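This report concerns only the one structure given below.
The values are calculated or read from the model by the stated rules, or taken from the named source; none is laboratory data. In this text the structure is predicted, and so the values were computed from the model without any measurement. Virtual Cβ from ideal backbone geometry, glycine too; neighbours counted across all protein chains shown.
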Amino acid sequence: MNNITYFKDQFEQLQEANPNDTIADLRQNGFDAFTKDGVPTYRDEDWKYTNVSSLFDKEYLIAENSTITLADVNTIRLPGYKQANELVFVNGRFIANLSTIRSGTTDLVVLPLEEAAKGEYKEIVAAHLNQSSNYLNDGIHALNTSFINGGVFVHVLKGKEPEHPVYCYHILDARQNPALAQPRSLVLADENSRLQITESYTTLGASDSFNNQVMEVVVKENAYVEYYKIQNDTANASQVSSTHIRQIGRSYVHTVTITLNGGIVRNNMNLVLDAAGNETHLYGLYLLKGKSHADNHTLIDNLKPNCFSNQLYKGIADDTSTAVFNGRIMVQPDAQKTNAYQSNKNILLSENATINTKPQLEIFADDVKCSHGCTIGQLDEEAMFYLRARGIPKESAEVLLLQAFAADIVDQIKPEPLRSYVSKLIYEHLAIQ
Amino acid sequence: MKEKPDTLEQAVLTEYKYGFVTDIDTDVIAKGLSENTIRLISNKKNEPEWMLDWRLKAYNHWLKLEEPKWSNVKYPIINYQDIIYYAAPKPKKQLNSLDEADPELLATFEKLGISLNEQKRLTGVAVDVVMDSVSIATSFKEQLSEIGVIFCSISEAIQLHPELVKKYLGSVVPMTDNYFAALNSAVFTDGSFCYIPKGVRCPMELSTYFRINTENAGQFERTLIIAEDESYVSYLEGCTAPMRDENQLHAAVVELVAHTKAEIKYSTVQNWYPGDKNGLGGIYNFVTKRGMCKGDHSKISWTQVETGSAITWKYPSVILKGDHSIGEFYSVAFTNNHQQADTGTKMIHLGKNTRSRIVSKGISAGHSQNSYRGLVRASKQATNARNYSQCDSLLLGDKCGAHTFPYIEVKNKTAIVEHEATTSKIGEDQLFYCKQRGIDAETAVALIVNGFAKEVMNQLPMEFAVEAQKLLAISMEGSVG
């Protein structure tokens, strides 16, 4: 584990270079926790089906300055970008001069996290940054915390509904060396505000990349948040992507996670429903081929009464891929009248693919309605026969049925240019044999 | 008029009705566990050399293991040196019939409502009574032996049928399987042994009543059931235990082997002392139960009704090795006061066209915690494996918890696995419907809960269904807030 010594070196350099940083203590705690816990192994219940320790065998460089230019960014923009606030992260750091903020500062504030932690937003950052560690208390999360540097703070102001959505492009420059990126962001949707945020990931170059990301989202009273994650990176791009959303006022959150290509992909989607009457919808789709390994962990922690949550995750595993779903619903003693639903549907297409799923309910209140269901199966033979009988070749019929299977989730992507973009990605992904 | 408590609290206060201590001379060895303890046990039971070696091997392996921590139950650290590992009612003389048995012992069973005499005469059930750790009386043995069925205590089997015991003991649950299985392998004192020869359909339900009697005596039962080709057996296991202040550890191992076209039906009603209403005392029930569908077209079915024990921690499992084999698991787990239950099953599909079905009903009341934990695994070779699981939880009261941890691992593209789970409290509309028709809340709840558990209760053999329903009713009394 040369990496651990390397991380220690890097960490010390980072701390020395920023002695007056208000986040320095947080980083120190993070690094202490990382030293103590180390990288999780399959012996940790939460990582039983996903082995991330292999990712740490590589000689990553916590890349300093990268030579990414605007021209590179141009190749990866998402549709509708002309109307969007585009935040560009290179090797995990927010790069202001590659980013474009179209909304006015009276609607939307975008600041480097370190800057926000010092100035006007000092208290907000102090109150909300790293609340996620209460839920994600493993070494991976701690490692991200120990390298908070170059993060971003996004704040939708009270009562504002910026017309431009926020796009986050994560670029990993692995053209020379294996790249490790640890982006950190804090997003605050203030009272009566509205926010739409989308993240996408691109690895440049043929080396391996590892993106260990943490995004914390705080949603206040009457706010409305849509969150989209599109993972369609190269086969040597791995990531642990943690999204920790806290609904601290009565609010509405809608998330969709699409996983198409990648190496080892682990998504933590945590929802903390910390106000009465919250409503949350989580959707996910994973279409895996090759050696991809996708692991979706969702957690809905119902702390207050009268919350509603609905989860639907669907997936297909082909070739030698592995799909993991672990959905956890917790209902705390105070959270009476909780309604929580969860469904996970899988199709296994190959002899050598694996699906592991674990829908989990932990309920400490009596007046609740909770249910979960999961299925693992194959394509419907009758539907297949119907199509084949009408002269549609097997391959096309398969693609058609799989597309239909995926449509439930794709339809949950509300903004138009994104929806057809994802739809097209999926078609291409399925059609290439 | 029958007196009925009319609030949930009062129901929760319902005292354990089977708490009493029978005063019988028992042969007790000193507390503590060491190689010498094992030699002593083995010696007392007059065991052959290979058995002692097997025990010692298990003990040495156990020393290397750590107590597992992953379960969703909490209990104080168990001091394994503070347990009496052997307690046998003193064998005064060989018993030929029940009339010769200790009258006090018979009275104990009388109190439990499982009079041997009556059973023997009326129901035709062969009862292998385990009072503490040694079998006292085995009835109907002769009748069974005529058709070649061997039904005796495991110690007897070690003496009389060593080749069978040697072949099958530890073949389903190896001594290295887990912490408690290793401990059991080292120190088990008694249990039942059952062998059904080829083509025999066992004419009666085989039954064992377990009874923990000597204070501080942990019970380490070992049960081994072998069903040869095309045979059938239904086995009943029931437990009640007297009131205790200190926790008692029970770490049993049950192994089932079903050969080609054989069927084993294993039913349990477990009503051990659950501790008092403050969670003091009660039995720790840490059991390893596993069946192996070894031959093609074999079937193993587990049915359990769990109402007792302070902590229940067990997962009756089936390894579906033979092609076309079937595994079933039906469970009702009721927890009250401070009881904790972490129970479920494992269905390991290895053979082709294997099927399994899981129906689990959890009911929690008081401050109890009730977890379902299950694993369904379809391996690469398990073509056309099929599983359906359903786990429902019912919550009575706002201080209890109900949890579900289903693990599903599929590596075969022809496998179909379905799982569904729900958690809710008793429906207001159902209660309203009953009350509106003049049924008081109390009876209505019992009615609804019985309906909730019906699917599982129906799987029990007649003899047991009655006892199980009675048990559930006692636990249910006044569960309306």
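List of remarks:
- Looking at A:E362, A:E382, just one residue is outside any loop (DSSP other than H, G, I, E, B) and at the interface with chain B (Cβ under 9 Å from one of its Cβ atoms), and that residue is A:E362.
- Boolean, A:V90 is of a type in the set (A, V, I, L, M) and touching an Asp or Glu at 6+ places or on another chain (Cβ under 8 Å): yes
- Which listed residue is outside any strand (DSSP E or B) and facing chain A (nearest Cβ under 10 Å), from B:D429, B:D398: B:D398
- Selected residue (criterion: modelled with the highest pLDDT) from residues of region B:420-431 that are farther than 11 Å from A:C370 by Cα and among the aliphatic types (A, V, I, L, M): B:L431
- Scan of region A:13-37 for residues that are surrounded by 18 or more Cβ atoms within 10 Å (Cβ to Cβ) and part of a loop (DSSP other than H, G, I, E, B), ordered by number: A:I23
- Condition check for A:T354: within 29 Å of the chain's Cα centre (by Cα), within 17 Å of B:Y407 (Cα to Cα) and touching a residue at least 12 places away in the same chain (Cβ under 8 Å): yes
- Condition met for A:N222 (in the same structural domain as A:G263 (by TED's automatic domain parsing) and over 30 Å from A:K160 (Cα atoms)): no
- Residue check, A:E191 assigned to a loop (DSSP other than H, G, I, E, B) and among the acidic types (D, E): yes
- Selection status of A:I68, touching a strand residue (DSSP E or B) at 6+ places or on another chain (Cβ under 8 Å), surrounded by fewer than 17 Cβ atoms within 10 Å (Cβ to Cβ) and either outside the structural domain of A:Y228 (by TED's automatic domain parsing) or part of a loop (DSSP other than H, G, I, E, B) (or both): no
- Residues of region B:196-224 that are touching a helix residue (DSSP H, G or I) at 6+ places or on another chain (Cβ under 9 Å) and modelled with pLDDT of 55 or more: B:C202, B:P203, B:M204, B:E205, B:L206, B:S207, B:Y209, B:F220, B:E221, B:R222, B:T223, B:L224.
- Restricting region B:337-362 to residues that are of a type in the set (D, E, K, R) and buried (at least 22 other Cβ atoms within 10 Å of the Cβ), the residue that is farthest from B:I300 (Cα to Cα) is B:D342.
- Within the set B:V449, B:V417, the sole residue that is more than 8 Å from chain A (Cβ to nearest Cβ) and either outside any helix (DSSP H, G or I) or modelled with pLDDT of 85 or more (or both) turns out to be B:V449.
- Test: residue in region B:276-288 that is hydroxyl-bearing (S, T, Y) and assigned to a loop (DSSP other than H, G, I, E, B): no
- A:N310 being among the polar types (S, T, N, Q), touching a Lys or Arg at 6+ places or on another chain (Cβ under 7 Å) and under 25 Å from A:S132 (Cα atoms): no
- Of all residues in region A:337-357 being surrounded by fewer than 24 Cβ atoms within 10 Å (Cβ to Cβ) and within 7 Å of another protein chain (Cβ to nearest Cβ), the one that is nearest to A:S309 (Cα to Cα): A:N356
- Listed conditions (1) out of contact with any Cys (no Cβ under 7 Å at 6 or more places or on another chain); (2) at the interface with chain A (Cβ under 8 Å from one of its Cβ atoms); (3) crowded, with 24+ Cβ neighbours inside 10 Å are all met by B:A385, apart from (2).
- The requirement of being farther than 25 Å from A:A431 by Cβ, of a type in the set (S, T, N, Q) and modelled with pLDDT of 95 or more is fulfilled nowhere in region A:286-297; no residue meets it.
- Filtering region B:364-371 for residues that are assigned to a loop (DSSP other than H, G, I, E, B), at negative phi and facing chain A (nearest Cβ under 10 Å) leaves an empty set.
- Condition met for A:N85 (without any contact (Cβ under 8 Å) to a residue 12 or more places away in the chain and closer than 26 Å to A:A174 by Cα): no
- Failed item, numbered, when A:P40 is tested on (1) buried (at least 19 other Cβ atoms within 10 Å of the Cβ); (2) in contact with a Lys or Arg (Cβ under 9 Å, 6 or more places away or on another chain): (2)
- Counting the residues of region A:392-422 that are assigned to a helix (DSSP H, G or I), of a type outside the set (A, V, I, L, M, F, W, C) and within 19 Å of the chain's Cα centre (by Cα) gives 2.
- Selection from region A:186-224 of residues that are surrounded by fewer than 23 Cβ atoms within 10 Å (Cβ to Cβ) and of a type in the set (G, A, S): A:S200, A:G205, A:A206, A:S207
- Look at (1) more than 7 Å from every other protein chain (Cβ to nearest Cβ); (2) among the charged types (D, E, K, R); (3) farther than 17 Å from A:I258 by Cα and you find that A:E428 fails only one, number (3).
- When B:V376 is tested against (1) at the interface with another protein chain (Cβ under 10 Å from one of its Cβ atoms); (2) free of Cβ contacts under 8 Å to residues at least 40 places away in the same chain; (3) farther than 22 Å from A:F364 by Cα, just one condition goes unmet, and that condition is (2).
- A single entry from B:S424, B:S389 fulfils the requirement of being part of a strand (DSSP E or B) and under 23 Å from the mean Cα position of the chain (by Cα): B:S389.
- Number of residues in region A:385-401 that are out of contact with any helix residue (DSSP H, G or I) (no Cβ under 6 Å at 6 or more places or on another chain) and either within 14 Å of another protein chain (Cβ to nearest Cβ) or in contact (Cβ under 8 Å) with a residue 24 or more places away in the chain (or both) equals 2.
- A:S209 closer than 19 Å to A:S66 by Cα and either among the small types (G, A, S) or without any contact (Cβ under 8 Å) to a residue 12 or more places away in the chain (or both): yes
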